[in-house]
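Read through the structure below, which is laid out as structure tokens, and then see the notes.
The values are calculated or read from the model by the stated rules, or taken from the named source; none is laboratory data. Not measured: the values here are computed from a predicted model. Positions of Cβ are backbone-derived with ideal geometry, glycine not excepted, and every protein chain shown enters the neighbour counts. To get the accessible areas, we keep the full protein, side chains included, count just its heavy atoms, and leave off ligands, DNA and RNA. Shrake-Rupley method; radii C 1.70, N 1.55, O 1.52, S 1.80 Å.
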Amino acid sequence: MVCEMETDDHQNEEMDVEVLSSMWPEDVGTEADNNQFNVGDSDTLKEVDIAEKRTMADLKRLPELMNTTDQGSSQLTNLVKQWEYMQDHAVRLLREELKILTRQREEAEAKELKIIEEHNFETEEPENVPVLDETSDLFRRFKEKKRDKLVGRKRIEIDEEFDTVAYWKQKALSLEKMLEASTERERRLIEKLNESLKTMESHSAPVEELTQNLKRAEGFLHFILQNAPIVMGHQDKDLRYLFIYNKFPTLREHDILGKTDVEIFHGGGVKESEDFKREVLEKGKASKREITFETDLFGSKTFLIYVEPVYNKAGEKIGINYMGMEVTDQVIKREKMAKLREDNAVRKAMESELNKTIHITEETMRAKQMLATMSHEIRSPLSGVVGMAEILSTTKLDKEQRQLLNVMISSGDLVLQLINDILDLSKVESGVMKLEATKFRPREVVKHVLQTAAASLKKDLTLEGNIADEVPILVVGDVLRIRQILTNLISNAIKFTHQGKVGIKLKVIPEPAFASDNALKADAEEQNGLDETSVWICCDVYDTGIGIPENALPCLFKKYMQASADHARKYGGTGLGLAICKQLVELMGGQLTVTSQVNVGSTFTFILPYKVATSNDHSDDQEEFSDMVDHQPEPDDSTEGYFQFKPLLGSIYSNGGPIIGNNFLPHKVMLTSPVKLINGQSETVQVENGGYMDETRHETRSGHCPESAQQYENGNDRYPSKESESCSSSQASSEMESELTVSSPREEAKNETEVKETSKQPKILLVEDNKINIMVAKSMMKQLGYTFDIANNGVEAITAINGSSYDLVLMDVCMPVLDGLKATRLIRSYEESGTWDAAVEAGVDIKTLEDKQTCVRSTNRLPIIAMTANTLSESSEECYANGMDSFISKPVTLQKLKECLKQYLH
Amino acid sequence: MLGLGVDRLQADINRLLTSLFHQGVLDEQFLQLQQLQDDTSPTFVYDVINIYFDESEKLLRNLRLLLMDREFSDYKKIGLHLNQLVGSSSSIGARRVRNVCVAFRSASELNNRPGCLRGLEVVEHEYHYLKNMMHELFQVLIHVISYTHNSLYNYLIDPT
């Protein structure tokens, strides 16, 4: 019983100890809590202040702030908690230790119990043995009791048992020893316990630990914030600074603390930040904003500002915490990026726009190409149709049939003209068209354009040409194109003029403003043109016609456009002419403009740059001047500045009398020209002068050939005009007869077929390497009533030409050994020099024939017609450049061959 | 009886020619050839086409030989041969042969060997097609002529 009691007691004691040990860290914790505020915090802040001279802080207020605000207390709570965790950890360790000790004690007890049990077994002691106590006092008592009991028993045992006393003594001694050992152990344990208690006490001073913690935290913050461009602060409800941390302070502490932003500094952004802070304070919600300051204090800087409201423990707002980071560079970068991105987007948009445009352009180009191809495809069969119709018209027909046929031919002609226009236009637009620089006399060009126009004139109109004196006699330009433009404008003018006059006026003007934009181009031209000087000539084509309403002017030069649908119906035409003129003029670096007044007239003006050619260098220009040399001095019309052509109606003027009197041509010249005029057609009697013959033949071709520009250079002015007059008179009569339009070339073609029949059989040379082509050509020639010689390549051709004289050469361009272009060049050089030197140089073996050559023939220009496989203008240009006169595109058709022969033979 | 046969054969010829025109095998130039054929040269078309075939066969053989030379293909020579072929094909109005020859030629100008080989194949194919068609045409033609023109018939059967 006692033992049990004691055990309880002991247990109680044990529990007490445990409670005590588990209690004290909490005690310490609360202690630390108090300390933290008073000691730890102020300490840390002091350190901050001392270590960091740059930092400003209101030390007096801060602890107070820490105490009163949630933020402050929460931080402290955190620290306390951390400390508590550590203490808890220590307690746990101690407890574990205690547990081990307890276990050891229990083991000892168990051993003792065992001993007692043993004893009990022997002495029949009750099993219920009191548990050993650690205290010596208890132990003693226990021992005493035990001894008492033992004594009692011994007595009984001695009485009852027969064992010796020595035995018991021994037993008692051994028990004593065991007890002593146990006591010793117990003592040591107590010592240990005391020791650990002491160490615990030493740990129990939390202040240092907390200080260290805080130091670490402070060090960490310092380390992090050392170089950060950050301003931190706390402001009270009135937005007065209570605390500020600023890495780069420009103001002193006392300048800031207790003041508001507005009081401290001025400038852009200050008010905004103040407002923002107030807003946060009012709303009670933390937020961020970027504010750009523009102050005298630190210049222009952008800050990202974070403001949060601060509450005290009662939940009342007491101010704001404010943190600003300088982000000026970032903002600049960001803005740059934004700008770049914007630029990028714009560029992308532009790119896609451009792509679209390119796509459209490509489509347009393709469409144009398509149109050109189609037109080309249409032209060949159509020319067949028209050609057949022409042939048909030469047969015997009654009046009605002839009328129908004439309609057919004129319609066909119209379509052909349209197609040619389209092809021209597409050539200009696609840039395939190349300009040729040839010398020409502007006066003559004007005159001939007017002449040809007068030739087909069916109205009572006066055509006049007026050329200013300062216009050079000889200029360089693309005469073919210029003629085309003039012809086009003139025929246009005539078309829309019913009475009065139509004329061309030429004058020299200073370089126009738009030309200086093309300065580069001009420079390039200058370089090419050696020492030639440039001149700008303004050409007016005026009429007294119906005029053009102002609103129709803008679309005048557009393709397929006419001033109005009414006009289109009334006057016909394709509406392509002016567009082509404009494009041609622009291609040559000029400008085409128009002024007009309804019912008064229109004036089309084009300005073009020309190079002035000196007229004394014509020795190298045989083609133009060959026939000037051997003519006796004749009145030179090259300086004549005024022409006038009166309408030639009916056959009234067919003898030319009144016209000559009417200043038709001011020069009276003898009619010694080798040309007879029969019924409006010219027939050349003298054949020796081949070049001359060519020219006369060209006269009535209304400017289709570039050579015609030079055709009247020999000063024989009367006969061509007379011819054109007679031609048009015959035309006029035929017109009257049929009452239907038949253009003059057509008429002439009819005439020439007749001419052909009367002329002698010409000698033709076909230069061709392809058997099939030869065969086909031969058959065609046979059908046309010609025969020809054959050469298989350029060398053979030269040999043949050297051997006998030909009237025409049909030359394949692409041939082995010596191609057509080279061969032509060699032939031309022979014609100029009278020797085959160039050919020999090129490796052609013709020395055996050299002595046969005659000087007479060298003055003749042998017509050479190229036969090309592709019809691109490039290759035709090449043909012309190499001295060929014309070209037939392959495959050669009967029609093409016929036309060509018609042109060059008779 | 005889007349009916000729009519039918003539219709056959027309049908054949029409289909050839539609396919683009032939073009107007062939009609030119037909136009050139008259009483003084009644077998003109036949003769020309035969020469064309002879020549072309030679050219094609040469082209194949030139292209088979793996190490070195003389593109210039190939170009010359093709020029010939293009020229004669366009002369007789063999449009499709001509067109594929032009493509072949542009490949040869670029020294594009695979392109050339492909070109040759296509040209040969077109050529053989044309030849077969022409052969068919002439067969019918010979029948027509055999009905009408004995001496010509003999000529066409054995031109020597």
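At a glance:
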{"item": "Under-5 Å amide H pairs with A:I473, H placed in peptide plane, nonlocal only", "result": "none"}
{"item": "Ranked order, A:T373, A:T260 - accessible area, probe 1.4 Å, largest first", "result": "A:T373, A:T260"}
{"item": "Accessible area buried at the A-B interface, both sides summed, 1.4 Å probe (Å², nearest 100)", "result": "1800 Å²"}
{"item": "Relative contact order, percent, region B:44-143 [alpha-carbon distance under 8 Å, six or more residues apart]", "result": "25 percent"}
{"item": "Cross-link table A:K501/A:K582; A:K439/A:K763; A:K427/A:K890, entries beyond 26 Å C-alpha to C-alpha", "result": "A:K439/A:K763"}
{"item": "Filter on A:K822/A:K898; A:K81/A:K285; A:K507/A:K611; A:K434/A:K507 - keep pairs with C-alpha separation over 20 Å", "result": "A:K822/A:K898; A:K81/A:K285; A:K434/A:K507"}
{"item": "Cleavage-rule hits, trypsin sites (Lys or Arg not before Pro), region A:350-410, DSSP coil, Cβ neighbours within 10 Å at most 16", "result": "A:K396"}
{"item": "Percent accessible area from carbon and sulfur atoms, region B:8-89, protein chains only, probe 1.4 Å", "result": "52 percent"}
{"item": "Under-5 Å amide H pairs with A:L766, H placed in peptide plane, nonlocal only", "result": "A:D789, A:I790, A:A791, A:L810"}
{"item": "Region B:23-47 and region A:762-837: distance between their alpha carbon centers, rounded to Å", "result": "25 Å"}
{"item": "Contact order normalised by residue count of region A:254-385, Cα under 8 Å, 6+ apart, percent", "result": "14 percent"}
{"item": "Selection of chymotrypsin sites (Phe, Trp or Tyr not before Pro), region B:57-121, meeting DSSP coil and at most 12 other Cβ within 10 Å", "result": "B:F72"}
{"item": "Mean-position separation - Cα centroids, region A:352-391 and region A:394-464, in angstrom", "result": "21 Å"}
{"item": "A:E290 long-range amide H proximity, modeled H, under 5 Å", "result": "A:I305"}
{"item": "Integer Hz, Karplus 6.51/-1.76/1.60 couplings in order for region A:385-396, x for Gly and Pro", "result": "4, 5, x, 4, 4, 4, 4, 4, 5, 7, 7, 6"}
